[in-house]
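Following: one structure in structure tokens, then a few remarks.
The values are calculated or read from the model by the stated rules, or taken from the named source; none is laboratory data. Just so it is clear, the structure is predicted and the values come from calculations on it, not from any experiment. Cβ: placed from backbone, ideal geometry, glycine included. Neighbour counts: every protein chain shown. What goes into the accessible areas is simple: the full protein's heavy atoms, side chains included, and nothing from ligands, DNA or RNA. Shrake-Rupley method; radii C 1.70, N 1.55, O 1.52, S 1.80 Å.
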Amino acid sequence: MAMTINSSPVLTGESARAFIEEAERNSQLPTPRLTEEEEEQLREFERKSREFFQRIFGKNNG
């Protein structure tokens, strides 16, 4: 019979308060954005990855 293992710690007291305050503070920070150059680098990486996959396995991946 399988046993359920609770792998999520439960924060209480001061630890919980500090965690919530930090999460709220972080939620107000601006979300980082990629520059156009970084986006182009990712597109190029994806293109080369697809070409490599096709050469190795002889089929498309998506």
Expressed as a percent, the accessible surface of the chain that is carbon or sulfur, using a 1.4 Å probe and the full set of protein chains, is 57 percent
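First select every other residue whose beta carbon is under 15 angstrom from the beta carbon of GLU36; then total the charges, Lys and Arg +1, Asp and Glu -1.
Computed value for this residue: -3.
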Share (percent) of C-alpha pair distances in the chain greater than 14 Å works out to 77 percent
With all protein chains in place and a 1.4 Å probe, ARG43 shows an accessible area in Å² (nearest 10) of 110 Å²
Helix 36-57: inclination vs the chain longest Cα principal axis, degrees, rounded to 10, gives 60 degrees
In the neighbourhood of SER15 defined by beta carbon distances under 14 Å, the net charge of the other residues (Lys, Arg +1; Asp, Glu -1) is -2
The extension gain from ARG33 to ARG47, computed as 0.36 nm times the residue separation minus the Cα-Cα distance, is 2.9 nm
Rounded to the nearest 500, the 222 nm mean residue ellipticity computed for the chain from DSSP H runs (n ≥ 4, each -39500 (n - 2.57)) alone is -20500 deg cm²/dmol
